[in-house]
Every structure is written in C-alpha cells, then in structure tokens.
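Accompanying notes for the structure given below.
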Amino acid sequence: GSKEGFDMLFELAKELHAEVRQRAAVDAGYADHDRQIGQTGVTVRPKLYIACGISGQIQHIAGMQECIIISINNDENAPINTIADYVINGTVEEVIPKMIKYYKSHSK
C-alpha cells in the first residue's frame, strides 16, 4: 500500500522479533532488495508467516507450505486463504495496529 503501511509492518515485526519481506515494498522503494522473497528474491522458511493483504499466488507461497500461515485480507476469496491456518478478514490498516497494541501490552 503505502510507506506508512509498511512502517506499521516493520513496527509489528519489531514486537515479534521478526522480519518484513515483500516484493511490493522493494518495488516501491520502501525496502532494500535483500528483503524480497520468492523466485526473484531470497528463499525463506519461517515458522510463522503473516500474509498481509496479498493474494497468495503459487509462486509466492511455494516456500510457505511448512509453516503456520496467518492471512490478513479483506478479500475472503484470496487464494492465500485456502492454505492459511488462520484467516483474519479485514484490512491491514485495521488489523495491524491492534496486533501491535496487543503484543506491546503482552510482551515480556
């Protein structure tokens, strides 16, 4: 979406001790190329994958079969939802601030 949207993702990642990796962020100049994943980027094998507003085309999800997937998407029919372990229907702008607030108040 926007730089502000990606800044929210980086804030959540900090709370989770995680990483933000996404091609759209790289293409838009919000992140360096080393954060791009998939066939044109680096391969990752996370334990938990939070898919924020992505469709989940096959080339994107190829390496995500062995992890827990949480999909945050306002499109109930997004392909990512068919393989996600958990689906949160809503926009990233609605959901991510709530997750940040929760983790800030419940982290040690």
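Every number in this text was worked out from the coordinates using simple rules, so none of it is lab data. Since the structure is predicted, the reported quantities are computational estimates derived from the model, not experimental observations. In this analysis, Cβ positions are derived from the backbone assuming ideal geometry, glycine residues included, and neighbour counts consider all displayed protein chains.
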Completion exercise
For LYS104, the lysines lying under 18 Å Cα to Cα, once residues fewer than eight places off in the same chain are dropped, come out as LYS14
Problem - Separation in nanometres of the label points that stand 7 Å from Cα toward Cβ, at LYS47 and ASN77 - result: 3.7
Handout entry: C-alpha center-to-center spacing [the range 62-108, the range 4-26] in angstrom
Key = 13
